[in-house]
Every structure is written in structure tokens, then in C-alpha cells.
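Step one of this worksheet: look at the structure below.
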Amino acid sequence: MARNSNDRMPHRSHARSSHPGGGRRAAAASRSRLERRRRQRNSRYGRFLGFAFLGSLVPGVGLVAAGRRRSGVALLVLVGLLACSAGAVLVLVPLNELASYGGDREKLLYIGVGTAALAVLWLLAALVSHRSLEPDGLPAPKRLTGAVVVVLAVSCVIAPMSLASRNAFTQRDLISSIAADDDEESQTTPKDIDKKDPWANKPTLNFLLLGADVGLGREAEEYGVRVDTQIMASIDTATGDTTLISLPRNLSQMPFPEESPLAEYYPYGYIDQTTADPLNGNSMLNSVYNNIPALYPDLEVSASDANKWAVEGALGLDIDYYMMVNLDGFSAIIDALGGITVDVSEPVPIHYGEPDAYCQSRASYIEAGAQHLDGSHALMYARSRCGSSNYKRMERQQCVIRAIIDEAQPQKLLTQYQSLASATKNMVKTDIPADLFPDVIDLTMKIQGAEIENLSINDDFFAEHGGEAANPDYEGLHAAVAEVLEDPVDEPDAESPEDAGDPPSDDGSGTDGEAGEDSSGDDGLAGESDDGPPGGTDVEHGDADGDATGTSDTDDGTDDGTGSSESESEADGDDGDDGSGDDDGDEGSGC
């Protein structure tokens, strides 16, 4: 018994000494296995996040990583073909032609639908890749993280596609809104245009730009729309070189072309039939748009056609198309562009105070020098006549147009497109047919960087070529315009007032170029009083001696024009200062 007891004792001692070491090794092995599994799970989760991200950006990558090689490779090949096709279009198709697609409603429909469908398919491919890659048994927080990664990645691709689709549909709707109405046929637009190449037999496109507004205290229903800004743009369809010809709003006795039905009603040129007074507001260019449709409804002549015929008679040119911009929309368009930069040649007064104060309560100025103007200040700058003249205002309007052209860069138009479209949709009218918009957009692209020359029909112009705003020498005007445009002088389309004889009550008395203009200095923003109801009533109450209110901002109605025909390179020429004392220095022909 003693031996057996002794035999067991060493065994128990061995068991006690060996068990602690074995337990530690087993625990260490267990921890090692758990750590390896944790690292493997983390590695698989990181791999899942990485390929889910790549699969969202490039469809097919995630499917290949998930083992679905056939589907993944097919999708990658398809994406590669699409990318190569898009790159080839960008490289091989000229920028002007690409921009012209923005005027083609059929192409815009394809682009809108195509990009929207591509965005949906891209999203579906990203979701399938994510689901194929996601490991089993992931806790909810990690699954949520994976979903967020996929959403962020795929948004980088489908957000631009969605924006492109939205812009395409917006542009298509915009063209439909502002293009010529198919139900209203114009009597003045070209009829023999080749849609495949509309400029093939048309080296020059003559385009009439009209700026219209109602004005403070004047309702459109009562007085109609006033068209004070009238600029004819003659565009070389091959180079984009453009000549801007500004017409004074108080130009009178315009002869209508022979083919116009209005030539019979105005044998002495456009003049108020009631008073036969060329100084009457109803004898002036800015009243044609309202008066003709109201006075002769049976002729079924549209306001725009009447205005185009009047400008054709004044300049001796055929006007192809017109575009009218409501000046409220003009301001909104400039704001959408982020403002414009103008080199102001002399301080321009704005914010005149109360409507009846005119220029006597000037509160602030747009100072001379380079100025960045928002829409509101650009509008006031372009329209102000306080301490200035109608002719200076015409020159500033030309400067604003050039500044808008400079600001209208493709990248800015793209980023601000929705704002521009919203500002344009209800503020612009034109007789350009919808199917001609692609070619017009292409031509507009050529204008950027092309030469722009200006011709202002102002006091200096009349001093050089004869006549005045109230009684112009239209033969001399036609010859001067033809010379500037480097075209031979054509025979006048209609008999000018000088050939037809003086109108019955026109005494031919000399009046200055601003005769009949209300020179109260108002800029259309505060208390305009120079227009009234259309049709046979006296619209303007100013006279050749100045404003009846006694608050004239011009010197007895005279203007110190700034040069009748100067290109931009001659902008620092003589100013033609009349020495009246109202201006304290040379104004030049700058902005």
C-alpha cells in the first residue's frame, strides 16, 4: 500500500506542473486564430469597399472582382466603346458644330433621353456590383458604410448625366418658347433658305436687336411696349465679323420699302397722320412697333414686321430676322452671367431720387474706369440720359452688348445655364424659325473673337452726311451705311421724303438731332414721361428747345455726339464736343 501511494504521488505532481503551460499555449493559439480571422474579415471588407467604389465608377470592375467575369468583361467593353465614341466626337467634331446641337430640338431630345437612360443603367450596374461583392454576415453599420460609399461614387458619374439631361430638355423647351410661331407667318423673313446650308447664298445676315420695356408708372395694357433700343447687327456669315448700327429712337420719316403695304399709307415716310409733325412722338421710330398694328388692323401687319420695314427704309438694307429682349430680362441675363465688366469713360449718374426730380437729385454715379456691373447697374448704365444724350446712351448700349459677348464663355453658359434659360424664356421674342437655331448658334459662336465695328447715327453723323433726326437725308444715310458695310450703294427700296417732296406741314425748320425728345434726363427707371398711348395722339411733349418742365439735363436739346462711325480701334478719337458747357471734358467714343 505504501508503494502504491508513493507511485501515485509523482504522477499527481507531474500533472500539476505540466497543466499551466499547456493552457497558455492553447489560449495563445486561440487568440492567434481569432486575430487571423479578424484580419481576413477586415481584408475582405476593405477589398469589398474598394471594388464597390471602383465598380460604381467603372461598371464591370466590381463584377469581375466578384467572380462574374463574363458579365463584367462585357460591361467593361461596352463602357470602353462608349468612352471612345465620346472622345472621338469631342476631338473630331468642331466646337461650333457641337454648340449648334443646342439649337436642334431633335438632337436635344435624343441627348436628354439618352443621358437619362445611361444614368439609370449606370446606377443599376453599381448596385449589382455592390450586392455581388458584399460579404455575408456583415453587421449593419458596415453594410451601411458600404452603401454610402457606393452612393457617393456613383453620384460622381450620374449627377453630371442628370444635369446634362435636364439642360437638354430645358433648352428644347426654351427654343420652342422663343422661336417663331408656326401659326404667325412673317412677311419679312427670308423664304428661300436652304436648311442644309442656310448661309450658302447669304454672305451677310442682318439682324435687328430690339430692347423694350414699359417703364415706371406705365402699364403695357394702356401704353403698349416701348422700343427705345434699336440696333441692327450686320454679321458676316463666313467670319462672324459684325457691324452694329444704332438708330436713335426719335428718328423720323422713315420710308417704307416698296414691297411693304405700308408704303401706300406713308408716301412721305413714317409720320403722324394727324399732325404731320415730324417732332411728334407718333412720327418717331420707337412708336412704329405699337402704332402700326393699332392703326391698320386690317393689313394684318405684325408689330415686328412693321418695325423691320421701318429700319429697312432707314438704312437701305433688308432685315432678315429680329430679336426683342424685355429689359427686365436683360438685367436677369447679366446677373445669370455673373455681371459684366465695362470700361466707363466718364461718370454716369444713376439713382436720381424722386420721379419728378429727374437729374436734380442725383444720389450716386457709376464712376469712370473699369467697372464690374450687376444686372441692375448695367441696365441703369445702358439707359441713363441724365446729363447726357440719347446718342451717348446708344453708344453705352453697344458697349454693354460687347461686354455680354465677352462674358458669354461656354463654361460659364454651362454652369449658369438654368438661370440663363429662366431669364430668357419669358423675356425674349424672335421670328427665327426653330429649325434655323442650330445655324444661328453656330454663327453666334463665330462672333466671339471676331471684329466688331460700331456705327452710331448721331449728331456728328448728321453733320457729316446731312439732315437731322427729325428730317434725315435718307439717300446720304443709305450711302454711308453701304460704305461702312463695304457694299455697293443699292437703289433705295422706297422713295425717300426728299424725292417725294416735303410733307404737307413740314416747314423744314432746323431742329437738332434730339428734337422732340423729352430731355428730362430720365433713364426709363424713374418717372419716364416721354411716351403715351399709340395711335394718333401726341406721345412726346418735348420740343427743340428742351424739356417743358424746365429741368432739362441737356443743353437746350443739343447733343455732343461722339463720332458717327468709329470702330473700336478708333475709340479715342474726337468727341465732337459742342462746347455747351454741360460737359467738362472730352467724352470720346468709349463706354
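All of (1) at pLDDT 70 or above; (2) open to solvent by less than 20 Å² (accessible area, probe 1.4 Å) hold for Ile441 with one exception: (2). Within segment 116-140, the residues that satisfy the criterion of being part of a loop (DSSP other than H, G, I, E, B) and either open to solvent by 80 Å² or more (accessible area, probe 1.4 Å) or free of Cβ contacts under 8 Å to residues at least 40 places away in the same chain (or both) are Asp136, Gly137, Pro139. The single condition among (1) open to solvent by 30 Å² or more (accessible area, probe 1.4 Å); (2) more than 16 Å from Leu54 (Cβ to Cβ) that Gly112 does not satisfy is (1). Residue pairs whose Cβ atoms lie under 6 Å apart, sitting 6 or more positions apart in sequence or on different chains, and linking a residue in segment 141-158 that is touching a residue at least 60 places away in the same chain (Cβ under 8 Å) to a partner that is assigned to a helix (DSSP H, G or I) and open to solvent by 60 Å² or more (accessible area, probe 1.4 Å), are Val149/Phe53; Ala153/Phe53; Val154/Leu123. Contact annotation: residue pairs with Cβ atoms under 6 Å, 6 or more positions apart or on different chains, pairing a residue in segment 262-277 that is in contact (Cβ under 8 Å) with a residue 12 or more places away in the chain and of a type in the set (Gly, Ala, Ser) with a partner that is open to solvent by less than 10 Å² (accessible area, probe 1.4 Å) and assigned to a loop (DSSP other than H, G, I, E, B), are Ala263/Phe256; Gly269/Gln253; Gly269/Met254; Gly269/Pro255; Ala276/Pro503.
Just one of Glu468, Glu495, Glu483, Glu491 is at pLDDT 85 or above, acidic (Asp, Glu) and assigned to a loop (DSSP other than H, G, I, E, B); which is it?
Details: Glu495 fails: at pLDDT 85 or above; Glu483 fails: assigned to a loop (DSSP other than H, G, I, E, B); Glu491 fails: at pLDDT 85 or above.
Among Glu468, Glu495, Glu483, Glu491, only Glu468 is at pLDDT 85 or above, acidic (Asp, Glu) and assigned to a loop (DSSP other than H, G, I, E, B).
Only one of the numbered conditions (1) touching a residue at least 60 places away in the same chain (Cβ under 8 Å); (2) open to solvent by 50 Å² or more (accessible area, probe 1.4 Å) is violated by Glu185, and that is (1).
Scanning segment 195-207 for residues that are open to solvent by 80 Å² or more (accessible area, probe 1.4 Å) and of a type outside the set (S, T, N, Q) gives Lys195, Lys196, Pro203.
Looking at segment 361-437, none of the helices (runs of 4 or more DSSP H) lying wholly inside it contains 2 or more residues that are in contact with a strand residue (DSSP E or B) (Cβ under 9 Å, 6 or more places away or on another chain) and modelled with pLDDT under 70.
The values are calculated or read from the model by the stated rules, or taken from the named source; none is laboratory data. Computed from a predicted structure; not experimentally measured. Cβ sites come from the backbone with ideal geometry, for glycine too, and all protein chains shown count toward neighbours. Accessible surface is based on the protein model in full, side chains and every heavy atom, while ligands, DNA and RNA are left aside. Shrake-Rupley method; radii C 1.70, N 1.55, O 1.52, S 1.80 Å.
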